[in-house]
Amino acid sequence: MKKIFKKGFCVILAIAMIACGVIPAFAVDQTPVVLVPGVINVPIYDASGNQVLMPDFKNKLDLESTIDALKEVLHLQDTGAYDQAIDKLIGVAKDLFDDARCDENGDSVLNTHYAFPNGSIAQDPESAHYSDESAIARMLGQKIGNKNVYIFTYDWRMDVVGIVDNSLAPLIDRVKKETGSDKVTICAASMGSAITNTYLSKYGNRDDVKKVIFISGAGQGVQFVQDIYLTRPVCVNRKAMGPYFKTVLGALGGIGISAVSRYACEIAQKLMDSQYEKLWTQFVEKDLLCWPSMWELAGHTKDMEALLKSTKNETFQKKVMEYYGYQDNLKNTMDALKEKGVEICYTSNYNLTGVPATPKADVVNTDYLIDTYHTSFGATVADLGKTLGDDYTQKNDDGHNHLSEDGVIDASTCYSPETTWFIKDLLHVSFQDKAPQTAFICWLVLTDNVTIESNPEKYPQFMQFTTEKDEKDKEVKSLVSVKKVEIETPSEEGEKGPGSYVSSAVTVYTYTQITGFGWALIIALVALLIILIAKRRNKGPIEGVLTKAEIKALPKSERKAAKKQNKARIKEWKKQQKANKKARKAELKAMPRKERKAAKKADKKAAKAARKQAKADAKAAKKQAKLDKKAAKAAKKNK
């Protein structure tokens, strides 16, 4: 009897233990999540195993060789050897981008493959440690299990429709098959939003998407990409340069940002316009404008369409125009999804300077890459550093307040004001482990029927993020006070799987640690700063201004006065140049349109001839100086 009792008790205990393990699993929403990250989401390699697009900057030698080459470019331009400088710069740029070229049809020239296959982070844990967005996948994996979280990897150079047809649609089919779920949640960041929008437009009739979260989405287009295509020479925005450098490089600390930005602008201006044309034809057109995805990220406008049709063949045009069609119909697609009960959420960042390659980079509110207006799908946003005004009233009254406390944003004009959140000072898709912004995105993913009213104390529509310095819980001074909120964060004891989160009052911070992509971006920025040209300027010899060699030949007692006189003459010359330019502008404005066009053409021709002559004179003077130096040396030796 005792044996039977013991056996029965053991069986009952075993069943109870199994039930304890199974019941919590059923209590958690197990809808699988597909994370669709942005550009440079995964390393791409050619058949020989070399990384495409740029060297692997985790390799110290690659990073050092690129920096050494850029130093040489700076030295050459500093000595006035502009031809050699631009040739060297094109060489550096080609080392970074040449292997990533696409052919005339928009297909990769090289046979490429990804470092990680598409799959769950349980199948390939390494895939969850490359892009900044993958921190979201890691935290979600702790919440709902790694087997239910998939990271979509793709060749971000290719056309978006092709990416959807050949990669995303098959992956979602695979996710449904492997998890047994008939629906997925898509979490799309940056360029991933453009890809997700296209999937929803083309495959929305599948009814296999439960919820979509757009994070700093590029689905509405990226203004600075469009400006690079349409503005020649590309603009260098001096006012935006310093703040942009400060944002991107701020984590390094101790860098003279203002000095760096001033020097960068000076370098850009020293590169003559003729050199820009060489750069454009030999590098930009050949190595950058060949990517279909960049045309698509620029967004659909009449000017972009005209440029596309005048420069690309029919196959290339067809790929890009198909995407433009889906982009133009995006609002109707979102309306149809809402009617089917699909939840749609948006997160948008603001209060950061845009890429300093556009005329309005110092004015438009961005997340440092994409305009806030676009990422929020239509918010009314004040210019950077300004407010909408004390007398401003919310445009659409729906019973809720959608005005930010700092007076910068009216969210009532968004496509979906009830499910759009804004984060001030957050850098694009800067997500890190244990960071509150990562926990916020996970909350959006895992909470059903979420709106701005779901938890306004913890996650209000407008949130402020600041940078955490070395001291723990030390608040950095900012324009508005830092809000302390209840955030779920992983326990200090370590990762224990689902349920290992604790709730505590913490200050909301953003983390701007520089990742591998960050280093790549820094190098690309340095190259971009050298490439960009602000204005056409004639830097030929100025009458009455002594050269360094001539000043050196003077007695020491006279050199100081000569340098002072040089500065005064250069200042006067600049003043005269400005006045001449203003007078010429007024003169051209008064001309009939046809005459003005001819006059401008003649001015350009004359300026080009003047630059050529100035260059020849400088070369001759340099040669003569060398001969004089040689003769003086010989005379001294004979003496």
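Do we find that Asp99 is open to solvent by 10 Å² or more (accessible area, probe 1.4 Å) and either at positive phi or part of a loop (DSSP other than H, G, I, E, B) (or both) in this structure?
Values: open to solvent by 10 Å² or more (accessible area, probe 1.4 Å): yes; either at positive phi or part of a loop (DSSP other than H, G, I, E, B) (or both): no.
In short, no.
For segment 306-315, state whether one or more residues are among the charged types (D, E, K, R), in a helix (DSSP H, G or I) and modelled with pLDDT of 80 or more. Within segment 306-315, one or more residues are among the charged types (D, E, K, R), in a helix (DSSP H, G or I) and modelled with pLDDT of 80 or more. In the set Lys177, Lys211, Lys147, only one residue is open to solvent by 50 Å² or more (accessible area, probe 1.4 Å), modelled with pLDDT of 90 or more and touching a Ser or Thr at 6+ places or on another chain (Cβ under 6 Å); that residue is Lys147. Annotation: Val236 fulfils all but one of (1) at pLDDT below 75; (2) buried (at least 21 other Cβ atoms within 10 Å of the Cβ); (3) more than 19 Å from the chain's Cα centre (by Cα); the unmet one is (3). Within segment 113-143, being among the aliphatic types (A, V, I, L, M) and either over 25 Å from the mean Cα position of the chain (by Cα) or part of a helix (DSSP H, G or I) (or both) holds for Ile121, Ala122, Ala128, Ala135, Ile136, Ala137, Met139, Leu140.
For (1) surrounded by 21 or more Cβ atoms within 10 Å (Cβ to Cβ); (2) within 30 Å of Lys286 (Cα to Cα), each residue gets a yes or a no:
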residue: Asp107; (1), (2): no, yes
residue: His113; (1), (2): no, yes
residue: Ala128; (1), (2): yes, no
residue: Ala135; (1), (2): yes, no
residue: Met139; (1), (2): yes, no
residue: Tyr154; (1), (2): yes, yes
residue: Val161; (1), (2): yes, yes
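Put simply, of Asp371, Asp362 the only residue that is open to solvent by 10 Å² or more (accessible area, probe 1.4 Å) and in contact with a Ser or Thr (Cβ under 8 Å, 6 or more places away or on another chain) is Asp362.
Residue-by-condition table, conditions (1) among the acidic types (Asp, Glu); (2) at pLDDT below 85:
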site	(1), (2)
Asp56	yes, yes
Asp68	yes, yes
His113	no, yes
Phe152	no, no
Ile163	no, no
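Take the conditions (1) in contact with a strand residue (DSSP E or B) (Cβ under 8 Å, 6 or more places away or on another chain); (2) more than 24 Å from Tyr368 (Cα to Cα); (3) part of a helix (DSSP H, G or I); (4) not charged (D, E, K, R); Thr185 misses just one of them, which is (3). Taking segment 430-454 as the range and being open to solvent by 20 Å² or more (accessible area, probe 1.4 Å) and either at pLDDT below 90 or touching a helix residue (DSSP H, G or I) at 6+ places or on another chain (Cβ under 8 Å) (or both) as the test, the residues that pass are Gln432, Asp433, Lys434, Leu446, Thr451, Glu453.
Taking (1) surrounded by fewer than 18 Cβ atoms within 10 Å (Cβ to Cβ); (2) under 25 Å from Val225 (Cα atoms) in turn, Ala169 satisfies each apart from (2).
Just to verify a result, which residue in segment 388-424, among those that are open to solvent by 40 Å² or more (accessible area, probe 1.4 Å), in contact (Cβ under 8 Å) with a residue 12 or more places away in the chain and of a type in the set (D, E, K, R), is nearest to Lys143 (Cα to Cα)? So the residue we want is Glu418.
How many residues are in a loop (DSSP other than H, G, I, E, B) and open to solvent by less than 40 Å² (accessible area, probe 1.4 Å) if we restrict to segment 374-387? Show your work before the answer.
Applying the first criterion (in a loop (DSSP other than H, G, I, E, B)) to segment 374-387 yields 376-379, 382-387.
Keeping just the survivors that are open to solvent by less than 40 Å² (accessible area, probe 1.4 Å) gives 376-379, 382, 384.
Looking only at that region, the number is 6.
The values are calculated or read from the model by the stated rules, or taken from the named source; none is laboratory data. Note that the structure is a prediction, hence the values are computed from the model and not measured. Note that each Cβ is placed from the backbone with ideal geometry, even for glycine, and that neighbours are counted across all protein chains shown. In case anyone asks, the SASA skips ligands and DNA or RNA and just uses the protein heavy atoms, side chains included. Shrake-Rupley method; radii C 1.70, N 1.55, O 1.52, S 1.80 Å.
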